[in-house]
1. Tell me yes or no: at least one residue of region B:446-459 is crowded, with 16+ Cβ neighbours inside 10 Å, at pLDDT 95 or above, in the same structural domain as B:Leu292 (by TED's automatic domain parsing) and of a type in the set (Val, Ile, Thr).
2. Within region B:435-455, can you find the residues that are in contact with a Phe, Trp or Tyr (Cβ under 8 Å, 6 or more places away or on another chain), in a helix (DSSP H, G or I) and touching a residue at least 40 places away in the same chain (Cβ under 8 Å)?
3. Is it fair to say A:Arg214 is closer than 30 Å to A:Leu456 by Cβ, under 20 Å from the mean Cα position of the chain (by Cα) and free of Cβ contacts under 8 Å to residues at least 24 places away in the same chain?
4. From the list A:Ala141, A:Ala125, A:Ala94, which residue is closer than 17 Å to A:Pro409 by Cβ and not assigned by TED's automatic domain parsing to the domain that holds A:Arg364?
5. B:Gly443 is checked against (1) under 18 Å from the mean Cα position of the chain (by Cα); (2) buried (at least 20 other Cβ atoms within 10 Å of the Cβ) and fails just one. What number does that condition carry?
6. Under 6 Å between Cβ atoms, which residue pairs at least 6 apart in sequence (or on different chains) link something in region B:1-23 that is in the same structural domain as B:Glu68 (by TED's automatic domain parsing) with a partner that is polar (S, T, N, Q)?
7. Only one residue in B:Leu466, B:Leu421 is over 27 Å from B:Glu342 (Cα atoms) and touching a helix residue (DSSP H, G or I) at 6+ places or on another chain (Cβ under 7 Å). Which one?
Number of protein chains: 2
Amino acid sequence: MSAYQQLEDTRKRIAALNNALGILHWDQETMMPEGAAPARAEVLAELQLMVHELQTDAALPDLLDAAEATSNTLDDWQRANLREMRHRYLHANAVPGDLVQHIVRARSESQMTWRRARPDNDFAALAPKLDALFQLKREEAAIKSEVLGVTPYEALLDEFDPGRREAHIDAIFDDLGAYLPPTIARIRERQAAAPAPLVPAGPFPLAAQEALSREIMQVLDFPFDRGRLDTAAHPFSGGAEGDVRITTRYSEADFVQSLMAVIHETGHALYEDGLPEAWRGQPVGESRGMTLHESQSLLLEMQAARSEEFLRFLAPLVRQVLGGNGAAWEPDNLVRLYRKVEPGLIRVFADEVTYPLHVILRYRLEKAIVSGDIATGDLPGAWNDAMQELLGICPPDDRDGVMQDIHWPEGILGYFPTYSLGAMTAAQLFATATRGEPGILPGLAKGDFKPLYRWLDTNIRSRGCLYTPDELIEQASGQPLGTAAYKATVERRYLG
Amino acid sequence: MSAYQQLEDTRKRIAALNNALGILHWDQETMMPEGAAPARAEVLAELQLMVHELQTDAALPDLLDAAEATSNTLDDWQRANLREMRHRYLHANAVPGDLVQHIVRARSESQMTWRRARPDNDFAALAPKLDALFQLKREEAAIKSEVLGVTPYEALLDEFDPGRREAHIDAIFDDLGAYLPPTIARIRERQAAAPAPLVPAGPFPLAAQEALSREIMQVLDFPFDRGRLDTAAHPFSGGAEGDVRITTRYSEADFVQSLMAVIHETGHALYEDGLPEAWRGQPVGESRGMTLHESQSLLLEMQAARSEEFLRFLAPLVRQVLGGNGAAWEPDNLVRLYRKVEPGLIRVFADEVTYPLHVILRYRLEKAIVSGDIATGDLPGAWNDAMQELLGICPPDDRDGVMQDIHWPEGILGYFPTYSLGAMTAAQLFATATRGEPGILPGLAKGDFKPLYRWLDTNIRSRGCLYTPDELIEQASGQPLGTAAYKATVERRYLG
């Protein structure tokens with residue numbers, strides 16, 4: 001068997017374990033009885049250890065070298081697959097095992113502390129755990145920086161968005177950081193002058209909201225024969241290859257959050273579902289990193305579903321399923337409601353215009369965390385200053401300030417930028433698609449997503465990891481990732 | 001690390017994979033979208049292969065030898081654990097890999113053919129596949145017979161009920177085969193003379209039946225914080241260590257089948273839940289084979305739940321939850337209904353008195369299959385003759401005759417006896433328990449299972465695989481497994 005073939009076999013086994021882990025994680029969040037948590041944790045840890053052992057197998061370096069030496073015998077997909085195998089090998093093997101162990105333990109402590117400290121608004125309790133974790137993450141970043149030949153921050157980012165460079169993000173975020181605050185002020189001024197949107201009055205029974213979710217997912221062509229919708233404490237998209245499972249949560253007082261979460265997660269799920277089936281179980285058949293993944297959820301949620309065309313299709317459907325009546329349910333009002341721009345404290349509740357500022361704040365702080373330029377104890381103050389500067393508001397406490405996200409307590413540094421890079425990508429792809437395919441917008445007006453999906457299938461979904469993220473974006477949209485399309489959407493929707 | 005400790009670590013890994021497989025199987029039967037079946041099959045196959053590789057690891061023979069050579073350093077549980085490891089090693093390594101592969105393939109073909117052929121009543125289509133599979137199973141039995149030093153049939157049986165011998169089963173089944181037909185005739189005569197039980201008239205809405213299931217499971221102290229109830233095409237008990245999940249199915253026309261299935265599966269689940277927690281993940285912490293497992297489900301379903309005491313507690317509860325009214329819902333009538341004895345074609349619908357005859361028929365035939373004394377093509381005729389002889393009825397077709405069970409098409413030979421050995425064990429254990437603990441029957445009359453469970457926890461559940469199945473039964477009941485207690489129950493309930 002060729003070296004390349006042996007590598008494929010190893011990846012197939014890793015994929016089987018990851019698929020099992022995907023279903024077990026989904027089960028844990030949706031079905032598992034609470035008392036099974038300790039036993040489940042042991043199963044997950046053992047399976048993750050098996051994945052780790054396969055990824056750090058002593059035979060891999062020679063196999064990778066041998067396969068690369070004869071890569072002229074491989075086709076384009078196989079060569080890309082080999083490139084991705086090398087990339088995953090580097091990430092899995094760069095850091096010595098004892099540092100990995102220390103990080104796992106520090107992460108577990110800091111995350112558990114966060115769960116208690118956040119409700120208590122007690123940053124002082126969290127700080128030492130967070131600090132210990134950040135110190136270890138700096139060590140990891142330094143080692144990976146050497147191996148990958150990139151900056152320490154890029155080395156962390158590289159796991160989530162391979163090949164992304166700080167200079168590129170700086171340019172995009174500096175641009176947005178300058179553009180958004182005055183733009184938001186203009187939008188707010190204009191929205192203040194218009195009649196305030198009416199909020200449809202609840203309660204909205206959970207069963208009706210679930211029916212609405214399923215109805216919308218049908219409209220979005222969610223593959224119910226290869227996927228599921230369930231409820232969980234936090235919306236997510238998960239499952240396994242060929243079995244995409246999304247969740248949402250319902251509040252009786254507000255149906256919009258859940259509705260938009262369902263559209264968002266469906267975007268993630270359709271990306272997974274549309275990956276090249278022939279390459280299932282291989283790295284080249286996986287999604288192209290978190291910026292691209294987020295672009296696919298936001299393309300549905302923010303670009304397609306918040307388009308004038310689709311909102312006018314959606315409004316009567318929502319009214320009918322939820323049994324709404326009166327002026328609050330008129331399409332014009334719902335458009336205004338879905339498009340209300342308002343600076344707030346919490347990232348996950350932010351609208352599409354203020355959202356990037358939440359991310360820019362985190363990006364700047366986490367670069368300082370990785371470089372060591374900021375002390376952990378100074379984070380709350382720095383957070384509040386940046387909120388004031390970027391969004392013009394100041395959190396009354398750390399619970400809804402620096403402690404609001406689980407990312408840092410989990411040791412996840414370098415992930416936040418992908419949310420807004422995904423938003424930029426979504427706008428850029430949607431602009432290209434609608435320019436090239438005149439059937440897309442009229443389709444959305446009828447609830448017909450097929451023209452849009454044809455474009456996405458061809459240009460994004462079916463390509464897996466054949467190209468790098470930046471190559472993929474450039475080939476699909478004809479230009480490097482930038483802010484122009486996003487800004488154009490904002491101007492058109494909010495200031496047009 | 002000692003050889004014994006290394007063996008424990010290997011088993012811990014196998015247990016993690018088996019726990020993952022348990023949840024994946026449960027998911028497949030309850031939650032998985034249909035279109036995910038091919039992808040899921042690959043995940044299951046890969047994980048099963050990993051289990052197989054761990055069980056046939058080349059290092060195991062030396063580790064087992066070394067651990068056994070120093071077994072004087074181990075305590076009783078560790079020694080029993082080592083004995084079970086050796087037993088599992090023998091079963092996993094006796095048969096050469098290519099024969100295993102052939103069996104896997106033949107089983108898959110025969111099982112798939114059965115799914116089509118049974119509805120079509122087409123035994124001729126199934127016969128060649130079945131014949132090929134039986135031929136391979138005979139090879140397996142011959143090889144294992146050498147390794148284990150038992151008869152070929154015992155070698156197959158040994159995987160399900162370790163240490164069980166044909167002579168013991170023959171004695172029990174010959175006894176029952178002589179006792180039951182005239183006893184059934186006497187019971188039928190007596191029941192014909194009494195007023196026929198009234199059948200409560202449906203339809204019984206599925207939601208009410210599910211509420212009843214949960215109510216009964218609460219009465220049975222099902223650990224809902226470490227377990228679940230769901231619906232599936234066939235009732236089963238599964239899940240993972242510390243996470244016991246049962247299923248049932250509902251028919252609007254009849255609530256009794258599902259109710260009794262829920263009690264039966266709860267018995268299985270409580271056995272798993274009561275296994276020694278300190279030995280989770282190790283062979284000695286597992287259930288003590290299929291005869292014992294079935295004894296635990298039947299002890300609840302047939303002994304406790306069909307006792308006069310419990311039926312009089314159950315009747316008003318059922319009536320209340322299902323909203324029943326009239327003479328059909330009177331306790332006396334429900335007792336008569338649950339205890340109706342009637343020879344039928346289908347094993348899984350059989351009452352507790354006719355059931356063993358279905359098993360005896362299969363046991364006799366499968367011994368002839370393993371010895372090669374019967375040709376596959378002669379099975380339908382032999383089946384029908386035996387049905388006539390034992391139960392006095394003849395199947396009108398093979399669909400409800402020789403093709404009714406999936407066991408043989410799946411290559412499962414040597415399993416059927418455990419159903420009735422389990423029934424005998426259940427009767428023997430229940431008789432001992434109620435003799436020794438006078439609080440048990442009054443407890444059942446109030447829906448209080450704690451006195452019974454205290455006895456079961458001490459004598460069965462907490463013992464895992466510390467002893468062999470026969471040792472366990474003898475220690476718990478003071479005598480070898482026999483038919484006396486079962487026969488006494490039949491006499492008391494049906495002829496008293």
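1. no
2. Step one: filter region B:435-455 for residues in contact with a Phe, Trp or Tyr (Cβ under 8 Å, 6 or more places away or on another chain), giving B:436-437, B:440, B:443-447.
In the following step, the residues that additionally are in a helix (DSSP H, G or I) were identified as B:436, B:440, B:443-445.
Of everything in region B:435-455, those that are in contact with a Phe, Trp or Tyr (Cβ under 8 Å, 6 or more places away or on another chain), in a helix (DSSP H, G or I) and touching a residue at least 40 places away in the same chain (Cβ under 8 Å) turn out to be B:Leu444, B:Ala445.
3. Details: closer than 30 Å to A:Leu456 by Cβ: yes; under 20 Å from the mean Cα position of the chain (by Cα): no; free of Cβ contacts under 8 Å to residues at least 24 places away in the same chain: yes.
The answer is no for A:Arg214.
4. On the way: A:Ala141 fails: closer than 17 Å to A:Pro409 by Cβ; A:Ala94 fails: closer than 17 Å to A:Pro409 by Cβ.
It is A:Ala125.
5. The failed condition is (1).
6. Going by the 6 Å Cβ cut-off, the qualifying pairs are B:Arg11/B:Gln282.
7. On the way: B:Leu421 fails: over 27 Å from B:Glu342 (Cα atoms).
Answer to the check: B:Leu466.
Matching residues to (1) buried (at least 17 other Cβ atoms within 10 Å of the Cβ); (2) outside any helix (DSSP H, G or I); (3) modelled with pLDDT under 95:
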residue	(1), (2), (3)
A:Ile374	yes, yes, no
A:Ala386	yes, no, no
A:Pro396	no, yes, no
A:Gly401	yes, yes, no
A:Gln404	yes, yes, no
A:Leu413	yes, yes, no
A:Met424	yes, no, no
A:Leu429	yes, no, no
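The values are calculated or read from the model by the stated rules, or taken from the named source; none is laboratory data. The structure presented is a predicted model; accordingly, all values stated were derived computationally and were not measured. Glycine also receives a Cβ, built like all others from the backbone with ideal geometry; neighbour counts cover every protein chain displayed.
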